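Contents: one structure, followed by commentary.
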Amino acid sequence: MGRSRYKTFDSGNTYFITSSVINWLPLFAIPQCAEIVVDSLAFMHQDGRMTLHAWVIMETHIHVVASSHDMSSQVRNMKSFTAKAVVAYLDRNGPSMFLNQMRFYKKKHKCDQAYQVWQEGFHPEQILDEVMMSGKIDYVHYNPVKRGYVDRPEHWRYSSARDYAGDLGLVPIEKLVL
């Protein structure tokens, strides 16, 4: 699949974003790799680069509901940073199977790198109203439930569902009243 046909409008709009690991590798089943994304999301929010409203990390992809005045650049920066950190982690600690797969599935035009962690693009959908916002946040939080990993959204460690249930999650967010 080529570059995304989806676009963002850099005016601080809120988007539902999905980014997937190359060839749907279950990279984030490794807790240390998931923690790299957690730390990056927390940094992006705390540094004011992106306002997070909801997020989830699944083993093969992430979903985020966020706003930014430069969403495309911020997502690109996050994916670049996390890709380098994940490759460095795997290079030191393994398993090498992931690096081998990320080398094999790397797009041929990516000559400046040995591996490709993320699929190209990030499929932004602009959130147009409160009904859509509520639906996207529910979708994000119920992703692990639908996969059968947990019975309740707030039981999934890598999600903002805990914040919406009144507990403290791993990443600071700007919770929306729904």
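Just so it is clear, none of the values below were taken in a lab; they were calculated from the coordinates. Fair warning: this is a prediction, and the values are worked out from it, not measured in the lab. Glycine also receives a Cβ, built like all others from the backbone with ideal geometry; neighbour counts cover every protein chain displayed.
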Taking the mean number of other Cβ atoms within 10 Å as a proxy for protection, how do you rank 79-87, 62-70, 23-31 from highest to lowest?
-> 62-70, 79-87, 23-31
For the chain, set up a Gaussian network in which alpha carbons nearer than 10 Å are linked by springs, and say which option among VAL56, VAL21, VAL140 fluctuates the most.
-> VAL21
Can you give the angle from 0 to 90° between the axis of helix 31-46 and the longest principal axis of the chain, with both taken from C-alpha atoms, to the nearest 10?
-> 50
Given unit charges at Cβ for Lys, Arg (+) and Asp, Glu (-), the dipole magnitude of the chain about its Cα centre in debye, nearest 20, is 840
So, in Å, what gap is there between the alpha-carbon centers of segment 23-40 and segment 116-150?
-> 17
If you count, for each residue, the other Cβ atoms within 10 Å and average over each peptide, how do 35-45, 148-158 line up from highest to lowest?
-> 35-45, 148-158
Summing -39500 (n - 2.57) over every DSSP H run of at least 4 residues in the chain and dividing by its residue count gives a helix-only mean residue ellipticity at 222 nm, to the nearest 500 deg cm²/dmol, of -12500 deg cm²/dmol
